[in-house]
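Input: a single structure, listed below in structure tokens.
None of the figures in this text is laboratory data; all of them are computed from the coordinates on show. On a predicted model such as this, the values are computed, not experimentally measured, just so you know. Glycine gets a Cβ as well: all are built from the backbone with ideal geometry, and neighbour counts include every protein chain shown.
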Amino acid sequence: MGIVIKILIMHFISKNEKETLAFAEKFAKKLKGGEVIGLTGDLGAGKTVFVKGLAKGLGIKENIQSPTFLLMKIYGAKAQTQRRKISKSADAKAQKIKFLAHIDAYRLKSGEDLIDIGVMDWLGKKDAITVIEWIENVPGIFDEKKIINIKIDFGEEKEKRSIKIF
Amino acid sequence: MLILGIETSCDETSMALVREEEGKLEVEKNIVSSQIKIHSKYGGVVPEVAARKHVETIFSILEEFMEDRKKIDVVSVASGPGLITSLLVGAEVARTISYVWEKPLISVNHVVSHIYANWLEKKTPFPARHASQLADVTGRPNPSREGRGIIEFPALCLVVSGGHTELILMNNFGKFEVIGRTLDDAAGECFDKCAKILGLGYPGGPAIAAEAVIARSDRKERRSNPLVSEIEGDCHAPLCSTRNDMHLPRPMLNTSDFNFSFSGLKTAVLYKVRDLTGVGSPASKALEAGLPTVTRSRLAFEIEEAITEVLVSKTIRAAKKYKVKTIMLAGGVSANKNLRKKMGEAIKAELPNTKYQIPDIQYCTDNAAMTAAAGFFYAKAGKFTPWQKLRVDPNWSLD
């Protein structure tokens with residue numbers, strides 16, 4: 001595998017959790033379906049907060065819990081009842097996206113671990129967005145070129161975060 | 001009725017025999033092989049490793065039950081929620097036993113099993129003979145031979161573990177209603193992640209509890225020193241946690257719902273470590289900068305206080321609203337001594353007519369005795385699953 005050089009697409013400085021949520025919500029509206037997002041950042045950086053915003057932007061009403069324990073949670077996917085939770089007011093583009101696969105590789109140590117839990121069923125699915133927290137823990141199973149990387153770093157001040165998309 | 005329980009939801013491989021006689025559930029055998037030592041170096045459960053270990057261990061455990069196969073009436077297996085790779089091991093073993101030994105099969109919910117641990121009689125379990133071969137065997141004798149009190153409905157159960165934080169209203173056997181849950185991290189997950197930030201071991205709950213004990217005894221020593229107590233003068237709180245510089249938030253303590261949030265607490269711990277060490281990016285670098293051990297113990301104490309205070313306060317409030325007759329604890333975090341004590345004190349003070357039921361410590365963390373106990377109640381309600389139809393569901397929700 002060759003080295004993939006990525007270009008910084010966007011750099012956003014978030015003043016607090018609220019801004020991160022709003023930014024992720026706006027970011028979600030730009031997604032077309034089938035995207036795989038890799039989230040990187042230390043414990044407490046706000047990765048799950050970002051996913052909460054993303055879910056809101058996709059029109060998912062369900063609450064996003066930390067997937068650390070179960071490793072993967074699918075939203076708006078499981079059954080009819082959950083599908084109903086996608087709000088009618090969400091814009092048309094988001095409507096095309098029916099599922100959010102939220103994956104947490106915090107406890108994993110290789111890409112195979114992810115394959116074992118059935119991640120491949122969701123990766124690149126046209127009507128789904130896949131988000132992987134701690135993607136650096138599971139190298140080698142994704143096509144680096146196709147991943148949207150998001151890195152969240154702590155800023156100088158307590159609540160501040162630097163969010164880089166590349 | 002003799003029930004064989006099988007439990008492999010996460011990192012514990014366990015099988016148990018529970019005998020029901022006139023509605024009383026007594027544990028005849030309960031073998032738990034924990035993978036905690038294996039996973040501690042990774043700071044958490046590694047699914048692929050967990051599944052492989054389950055496969056390696058479950059057959060040596062199964063051998064312990066071969067002599068009982070004729071007596072067993074039903075087989076009960078936890079088929080979710082949990083790690084899919086781990087759940088599959090238990091499910092396949094249960095399916096095979098059901099087919100080969102011709103025993104009816106019951107597929108139980110893991111969270112419900114935790115709740116039913118409260119119905120297990122307090123009795124010394126059958127000691128496992130191959131203790132040396134298994135990583136950890138719950139054969140700890142329990143001095144209390146008394147039976148449990150009668151649990152009256154409606155009951156409220158706080159289920160707290162590494163993967164769950166739920167307030168569940170139980171109106172009767174098999175009737176569960178989730179009235180509150182965590183919006184982000186589970187309480188056990190918060191313990192684990194805070195322990196990681198503080199450079200303590202896995203699992204985080206016991207590690208933080210042990211540090212908190214050190215902080216408590218330090219404090220006692222300090223207070224018995226006349227010089228110190230003069231300086232700290234009028235502080236009467238046990239550790240003065242609201243006044244000291246270690247104070248952490250109590251997330252969602254005063255919201256009117258029964259939900260929890262522990263993600264912010266973890267971040268607050270990060271900030272605190274950063275303030276104390278002056279190092280920019282916390283989790284990784286702050287520890288290298290060196291957090292004094294005394295500070296670390298005091299912070300661990302405050303983390304335990306913050307988590308348990310929120311859990312107790314919301315449980316009491318929910319108990320008042322739903323006018324429950326019994327309050328129960330369940331799940332791995334309910335082994336936390338401080339939580340057990342605090343909840344007991346709060347009930348005594350605020351709801352003196354409400355019963356308080358807690359499982360034996362050995363039945364708090366994952367074990368198959370609770371799976372067998374749940375199996376009894378499912379069987380009583382006629383909820384059997386043919387082996388051909390057994391399916392695991394890693395996201396099995398009670399909603």
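Averaged over the residues of B:263-271, the number of partner chain Cβ atoms lying within 10 Å of the residue Cβ comes to 4.
As a check on your grasp of the helix formula, calculate [θ] at 222 nm for chain A: sum -39500 (n - 2.57) over DSSP H runs of n ≥ 4, divide by the residue count, round to the nearest 500. The per-residue figure over chain A is -6000 deg cm²/dmol. For A:Glu133, the residues whose amide H sits under 5 Å from its own are A:Leu39, A:Ile103, A:Asp104, A:Ala105, ignoring neighbours fewer than 5 places away on the same chain, with H placed 1.01 Å from N.
Treating each Cα of the range B:316-399 as an identical point scatterer and summing with the Debye formula, the log10 of I(q)/I(0) at q = 0.13, 0.17, 0.21, 0.24 Å⁻¹ comes to -0.60, -0.90, -1.10, -1.20.
Order A:33-41, B:194-202, B:250-258 from most to least packed using the mean count of other Cβ atoms within 10 Å.
So the peptides A:33-41, B:194-202, B:250-258, ranked by packing, come out B:194-202, A:33-41, B:250-258.
Which of A:Ser14, A:Ser66, A:Ser110 ends up with the largest GNM mean-square fluctuation for chain A, with Cα atoms connected below 10 Å? Of the options given, A:Ser110 has the highest mean-square fluctuation.
Take each residue in B:157-167, count the other chain C-beta atoms within 10 Å of its C-beta, and the mean is 1.
Springs join every pair of Cα atoms under 10 Å in this Gaussian network model of chain A, and among A:Leu21, A:Leu58, A:Leu43 the largest mean-square fluctuation is at A:Leu43. For A:Glu35, the residues whose modelled amide H falls within less than 5 Å of its own, excluding neighbours fewer than 5 places apart on the same chain, are A:Thr130. Listed values for the range B:50-55 are Karplus-derived 3J(HN,Hα) couplings in whole Hz (6.51 cos²θ - 1.76 cosθ + 1.60, θ = phi - 60°), namely 4, 5, 4, 5, 4, 4, and x replaces Gly and Pro. Summary value for chain A: 35 percent relative contact order, contacts being C-alpha pairs under 8 angstrom separated by 6+ residues. Across the range A:36-53, coupling constants 3J(HN,Hα) worked out from phi with the 6.51/-1.76/1.60 Karplus curve, θ = phi - 60°, read 10, 10, x, 9, 10, x, 5, 3, x, 5, x, 5, 5, 4, 4, 5, 4, x Hz, and Gly and Pro carry x. About its Cα centre, the dipole of the range B:314-375 is roughly 440 debye, where the only charges are +1 on Lys and Arg Cβ and -1 on Asp and Glu Cβ.
A simple rule links phi to the HN-Hα coupling: the Karplus curve 6.51 cos²θ - 1.76 cosθ + 1.60 with θ = phi - 60°, which for the range A:102-115 gives 9, 10, 10, 9, 3, 9, 9, 10, 8, x, 4, 3, 6, 4 Hz, with x for Gly and Pro. Annotation: amide H-H contacts under 5 Å for B:Lys122 (H modelled 1.01 Å from N, sequence separation of 5 or more, or interchain): B:Arg148.
For chain A, what does the alpha-carbon gyration tensor say about shape, rounded, prolate or oblate, given a ≥ b ≥ c as the root eigenvalues, a/c under 1.5 as rounded, and a/b over b/c as prolate? In terms of gyration-tensor shape, rounded. Counting Cβ atoms of other protein chains within 10 Å of each residue's Cβ and taking the mean over peptide B:83-92 gives 2.
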